[in-house]
Amino acid sequence: MKPHYLVILCLVFSSISIDLIAQTSSQPKKVKNIIFVEGDGTGLSQVSAAQYFKDGPSNYDRFPVIGLIKTSASSDLVTDSAASATAFASGKKTYNGAIGVTPDSIPIPTLIEIVSKKGWQTGIVVTSTITHATPACFYAHVDDRNKHEEIASFLPVSDVDFFAGAGLKYFNKRKDGKNLLKTFEENGFIIETESLRDFESAEKLGFLLAPTSMPTMLEGRGNFLQEASKLALKRLTNTNGFFLMVEGSQVDWGGHDNDADYLIAELIDLDNTLGDILDFAEADGETLVVVTGDHETGGFTLAAKDGDYNTIVPTFSTKNHSATMVPVFAFGPGAENFGGIYENTEIFHKIMALLSE
């Protein structure tokens with residue numbers, strides 16, 4: 001073979017090798033961890049409030065992918081938190097008030113139950129009771145969201161490895177006289193009821209820091225949501241993967257009260273927590289973060305004051321939920337799948353599709 005042909009062949013094979021290396025190095029990473037964040041009662045106007053009332057930029061601005069979900073329940077045009085959380089956790093439309101069950105009250109598997117079978121660790125962090133509608137739908141199966149003691153009985157024997165929130169009375173001051181704190185201990189949990197701190201030797205760890213709900217931000221709750229979420233990430237990070245559900249529960253309650261100061265303080269707390277979560281996901285590179293709301297509460301708007309387009313006055317149109325679509329924000333491997341307009345059940349199915357890859 002003539003020398004110049006050898007040179008050409010070498011150049012061709014070198015080019016192919018470089019292209020293959022580039023393609024290999026640019027292949028997206030698979031999802032190892034999933035953090036699902038819900039702002040209860042958080043619609044687009046609630047998210048927008050961070051743009052106007054937070055000191056500094058909103059962490060919602062950091063998400064590259066945005067979608068919209070339709071939120072109706074199987075029973076009603078306007079959903080409640082239970083039906084919506086069941087849609088997220090199990091991919092099934094159900095009736096308002098249902099906790100992890102179908103419209104026929106049949107239990108359906110939750111994301112926590114599914115990923116635990118893959119060897120993942122799981123966690124829940126909320127500013128409500130741990131038996132409240134949203135967290136309950138990820139570990140319990142009960143026909144009525146108001147059955148807090150029945151919901152509580154699922155948690156000690158569930159696949160949850162870490163949790164933080166309130167609701168102590170549903171475990172140790174029960175009408176049936178049972179003390180479920182002992183059941184937690186029998187199942188490998190250390191339960192802390194005073195303060196948020198780590199127990200490095202604990203196999204499983206739970207925090208029940210108030211009899212019912214956590215204090216509001218305006219009452220001085222402080223950075224509980226941030227610190228509990230960071231502790232969860234520290235505890236759950238492992239070689240197999242983890243699923244963590246974080247809820248800013250009380251954004252919804254500010255909406256129900258038509259209390260803009262309450263709502264905005266809770267929304268900013270959630271926004272700050274998102275900053276820590278996104279920092280973790282950016283550094284990790286294998287963590288998918290999906291953020292949404294179960295529904296909008298209060299018919300909240302950011303209105304101009306009497307035609308003064310430089311003054312915003314938060315206003316409400318209802319003390320209840322609304323039927324408006326809710327935004328979805330996604331970051332990390334697989335985030336591109338969460339754009340578009342779709343039913344709230346699709347969040348579950350999109351996550352499951354990524355897990356099967």
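None of the figures in this text is laboratory data; all of them are computed from the coordinates on show. Since the model is a prediction, treat every value here as computed from it, not as a measurement. Please note: Cβ atoms are built from the backbone with ideal geometry, for glycine as well, and neighbour counts cover all protein chains shown.
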Classify the range 241-357 as rounded, prolate or oblate from the Cα gyration tensor: take a ≥ b ≥ c as the square roots of its eigenvalues, call it rounded if a/c is under 1.5, otherwise prolate when a/b beats b/c and oblate if not.
prolate
Expected sort for ILE114, ILE34 with the fewest Cβ neighbours (10 Å cutoff) up front is ILE114, ILE34
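What order, most packed first, do the peptides 164-173, 134-143 have when packing is the mean number of other Cβ atoms within 10 Å of each residue?
Working: 164-173: 21.7, 134-143: 26.2.
Ranking the peptides 164-173, 134-143 by packing returns 134-143, 164-173.
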To the nearest 10 degrees, how steep is helix 44-53 against the longest Cα principal axis of the chain, on a 0 to 90 scale?
90 degrees
May I have the extent of the alpha carbons of the range 29-147 along their three principal axes, as whole Å values ordered from largest to smallest?
46, 36, 26
In whole Hz, with x marking every Gly and Pro, tabulate ³J(HN,Hα) for the range 163-180 from phi via Karplus 6.51 cos²θ - 1.76 cosθ + 1.60, θ = phi - 60°.
8, 8, x, 10, x, 3, 5, 6, 10, 10, 10, 8, 5, 8, x, 6, 10, 6
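Could you tell me which of the pairs LYS147/LYS204; LYS169/LYS204; LYS92/LYS147; LYS118/LYS178; LYS93/LYS175; LYS173/LYS234 are separated by over 23 angstrom between their Cα atoms in the structure shown?
Among LYS147/LYS204; LYS169/LYS204; LYS92/LYS147; LYS118/LYS178; LYS93/LYS175; LYS173/LYS234, the Cα-Cα distance tops 23 Å for LYS147/LYS204; LYS118/LYS178; LYS93/LYS175; LYS173/LYS234.
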Aspartates and glutamates whose Cα lies under 18 Å from that of LYS319, excluding same-chain neighbours fewer than 8 positions away
ASP40, ASP76, ASP80, ASP252, ASP257, ASP259, ASP261, GLU266, ASP294, GLU296
Remind me, relative contact order of the range 199-300 in percent, using alpha carbon pairs under 8 angstrom and six or more residues apart?
27 percent
Using Cα-only point scatterers and the Debye equation, what is log10 of I(q)/I(0) for the chain at each q in 0.08, 0.10, 0.13 Å⁻¹, rounded to two decimals?
-0.40, -0.59, -0.97
Any chance you could give the angle, 0 to 90 degrees and rounded to 10, that helix 81-90 forms with the longest Cα principal axis of the chain?
30 degrees
Quick one: which residues, 5+ away or cross-chain, put their amide H under 5 Å from the amide H of ASN344? H built at 1.01 Å from N.
LYS70
With θ taken as phi - 60° and the coefficients 6.51, -1.76 and 1.60, list the Karplus ³J(HN,Hα) couplings across the range 111-116 in order, rounded to whole Hz; mark glycine and proline as x.
4, 5, 5, 6, 6, 4
Charges at C-beta only: +1 for Lys and Arg, -1 for Asp and Glu. How large is the resulting dipole of the chain about its Cα centre, in Debye rounded to 20?
880 debye
Using unit Cβ charges (K, R positive; D, E negative) and no other charged atoms, how large, in debye to the nearest 20, is the dipole of the range 281-349 about its Cα centre?
380 debye
Rank by packing, highest mean first: peptides 275-288, 224-237, with packing defined as the count of other Cβ atoms within 10 Å averaged across residues.
224-237, 275-288
Picking from PHE184, SER75, GLN46, whose Cα lies most toward the positive end of the charge dipole for the chain (charges on Cβ: Lys, Arg +1; Asp, Glu -1)?
PHE184
Dimensionless Rg over Rh [the range 50-102; C-alpha; Kirkwood]:
1.18
Report the antiparallel proportion of the DSSP beta bridges in the range 33-355 as a percent, rounded to a multiple of 5.
35 percent
For the range 188-240, the dipole about the Cα centre with charges only on Cβ (Lys and Arg +1, Asp and Glu -1), to the nearest 20 debye, works out at 160 debye
Would you pull out the residues with amide H under 5 Å of VAL328's amide H, same chain only if 5 or more places away, H placed 1.01 Å from N?
GLY67, LEU68, ILE69
On a 0 to 90 degree scale, rounded to 10, what angle separates helix 345-355 from the longest Cα axis of the chain?
40 degrees
Please list, in chain and number order, the residues 5+ apart from GLU296 or on another chain whose amide H is under 5 Å from its amide H, with Hs placed from the backbone.
SER322, THR324
